[in-house]
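Only one structure is covered here, and it is reproduced in the block below.
We did not get these values from a lab; they are worked out from the coordinates using the rules stated. The model shown is predicted, which means the values in this text are computed figures rather than measured ones. Reconstructed Cβ throughout: ideal geometry from the backbone, glycine too, with neighbour counts over all protein chains shown.
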Amino acid sequence: MKAKHQRLVLVIIALLAIVGAGLLAAWSLRNQANYFYLPEQMASDPPEIGQAVRLGGMVQAGSIKTMPDGVTVNFMVTGNTADAIPVRYSGILPDLFVENSGVVAEGSLGPDGVFIATNLLAKHDENYVPKELEGMGTDQAAKMAAETTVGLK
Amino acid sequence: MIAEIGLAALWLAAALAVLQMVSGAFALRAAEGEVNPLAIYARPAAVVQAVLAVLAFIMLLWAFAITDLSIKLVASNSHSMKPMLFKLTGTWGNHEGSMLLWVGVLALSGGLLAGFEKRLPARTMGATLAVQGFVALGFYAFLLLSSNPFERLPVPAAEGTGLNPLLQDIGLAIHPPTLYAGYVGLSVAFSLAMGALLTNQVNPSFARVLRPWVLGAWVLLTFGITAGSYWAYYELGWGGWWFWDPVENASLMPWLAATALMHSVSVLAARDALRTWTIMLGVLAFSMSMLGTFLVRSGVLTSVHAFAVDPERGAFILGLLLLYIGGAFTIFALRAGAVSEGKRFAVTSREGALVFNNVMLSAILAIVLLGTLYPLLTEAFDVRVSVGPPYFNPAGAIFAVPMFLVMAVGPLLRWKEDKPKRLQFELMLIAALVIGTIALVSFFGQFPLLPLLGLGLAAALAVAAFLPLKGRKLSRVPVATWGMVLAHFGVAVSLFGMACEGAFSQERLAAVAPGGTEQVGDFSFTLESVTPVAGPNWTAIEARLAISKDGGEPVILAPQARNFWSPPMATSESALLTRWDGQLYAVVGNQAEDGRWQIRVWWKPFVTFIWYGGLLIALGGILAIAGRVKVDVKRRVASAKGAERRADIEALGAAAPVPAE
């Protein structure tokens, strides 16, 4: 093999690997990226059962119920419409998780229509706000989210 | 006065950066072996600039130490009642201060390069300093025009607002400065690479100049990432050690590029191969550093870390980023063809293995980069997504697994060309360890695939790391080789920790009444009491957990839920019980309506090995630097002695014969 050829072969192999990585990334990103849903979107066009998504909205007043085990809570998340999605979460609640406040739940939809949250992001303090609820009061959060999530598939 | 001295020092440093850039560029106009009269200012300019930039940083440090509330930055980020250590670390716990630290380290490393590096040809050095000055100038402009740390308040504040409590931790003293020093150390690698490319000096002696900078930056990055990971682990109270958070990725990407660069530079120094590839990695590594700075500092990310949100600054850094990266890759594209081909090698050779792993590292880098940027891209089309472990873990593993396998074999291969047959025993051993470990672990239960693969690879790597020492006299093995052995062993240790954490972690979440007992793994924990406690700037409720293993002597753990009052914020302070074979991690949560307390306890076997491994890797890098320096000093001493002896002989020969007594 001539000297020039070796460089060429190396460049081609490297390019193939990087392009391969890029294609792999693009393919798995389409499958694994965590889409953001509003309650009304989840009600009208629910994601597949078990697919990791995020649900953002407001915690409905009077809906937070703690189960007898003391660590599981059930609550409803509402958006701009009457649709409300039941959410179940087991774990330590964020400090500012209260009724009538914005929340983003990470998790997936269960077969019974209850959204099983694995993580809750609530307004933490003025320095750390879930991006979807940034700079928002309570009611605005869902509206803002609605404006910025058009085109959800 | 303090602020004015600091600001003046910064402006002067910026002016010197211009001088350094122009004077350095004149060196390019000199003919080979000559010195352009205008090129002599570049080195002193870089050294004085370093002194001034460091002075500016010390001034800000001083202002924070005495809590000078007439300075806006101090007033909005510090508090007179804060402990001294956190007053000082608060200097770089904010946007302006951390950018000043960035620039200070940038100028300091430029000054060190200008002051101590005498091996490079004058033209290459001039071009390098010109590039370094150009990079520094952009960041001075950023600091002075859009984020002046020394801005005064019209009326001094009565009291400061305080520092984000998450950042009031010893972690802040260690983590950002080391990471920044690592990021910025790569700027020297970038400038050197551009200098060598512009003057066509891409050769082994250039690689020997480049190597300590790459190694040094890489050691600091390794250490910074390790410290940051442990900090996030115990401070955030989520029990995880890596979240694929965009800001974590921002530090991982330069590390991946620097790891590839470090190996490729070694090939260039030892074998004069991979010339253009090394230059490209040099450009890539610093591009990743700047991209990291952009991601963290522009506020485009949702992250615990990205607390500076300002689109104007983001646009400024994005502009700098495009200018530098675009410019560098343009020069690279124009000049790369002029770099002549290095020495050739066969596929089965140490170079071949290194190239393979370089490509794998770049592929992992591409995976992480795309995963980090994807949410930003989709947001432009109004689709909000987040990307997490379900993407990064499997996609990264596809390239990491072959990389680890080749990493086990690579150091055993000979340079230039080797026959796989020679390594039959070693190859069989490595294969047997991987398969044997996976089979053995699977025998005891069902575990996820990735941790299982990790365990097998860790076992093989741990043994393979020491195979290069086989048949050698240990006392005669060079220090740098010990560095490699240690670093590779560190990778195995770290991988073992990650795999164990992934496969064998146990978790218990329960509401416990005082006096109640729960079980996690082999441990039982009893909630003895929950009491209010107070610190210098917080109040908390503290749970006392008595933990005992298999009914043995109990140990007390006291996790807290803290409330800081300036600024008001709640944090969860985890409590850790560290044993040699793992850690017990306890967090206390809210009180349920019936008076029970939420307690969450994890048993994480061998999780500490993750960070021990990281430290071993960094230590390996330090040994490699020490070894190279030792060889270099030896060579210098020998050549000085030789010159002395020749001078002596000449003097003797020239002198008139001295008559004997």
| query | Ranked by Cβ crowding within 10 angstrom, fewest neighbours first, how are B:190, B:425 ordered? | reply | B:425, B:190
| remark: If one compares the long axis through the Cα atoms of helix B:42-65 with the longest principal axis of the Cα atoms of chain B, the angle in degrees, nearest 10, works out at 20 degrees
| Around residue A:34, what is the net charge, scoring Lys/Arg as +1 and Asp/Glu as -1 over all other residues with Cβ under 10 Å from its Cβ? | +1
| Any idea what the alpha-carbon Rg over 2.2 N^0.38 Å comes to for chain B? | 1.07
| Packing-based ranking, highest mean first, of B:46-53, A:30-37, A:59-66 given that Cβ atoms within 10 Å are counted | B:46-53, A:30-37, A:59-66
| field | Average other protein chain Cβ within 10 Å of Cβ, residues B:391-402 | value | 3
| note | A correct fewest-to-most ranking of B:98, B:191, A:101, A:44 by other Cβ atoms within 10 Å would be A:44, A:101, B:98, B:191
| said: Cβ neighbours within 10 Å, averaged per peptide: list B:178-185, B:141-148, B:270-277, B:551-558 in order, most packed at the top. | reply: B:178-185, B:270-277, B:141-148, B:551-558
| task | Sticking with the crude label model, points 7 Å out along Cα→Cβ, report the distance from residue B:643 to residue A:23 in nm, one decimal please. | result | 5.7 nm
| trypsin sites (Lys or Arg not before Pro) restricted to DSSP loop in the stretch B:105-163 with at most 14 other C-beta within 10 Å | B:118, B:119
| About its Cα centre, how strong a charge dipole does the protein assembly as shown have in debye, to the nearest 20, once Lys and Arg get +1 and Asp and Glu get -1 at the Cβ? | 4180 debye
| What is the mean number of Cβ atoms from other protein chains located within 10 Å of the Cβ atom of each residue in peptide B:589-598, rounded to a whole number? | 4
| note | Counting other chain Cβ atoms within 10 Å of each Cβ in B:525-533 and taking the mean gives 0
| field | Using distinct alpha-carbon pairs, which all enter the 1/r mean, Kirkwood radius of the stretch B:391-517 in Å | value | 16.6 Å
| message | Helix B:350-380 against the longest principal axis of chain B: what's the angle in degrees, Cα atoms only, rounded to the nearest 10? | response | 50 degrees
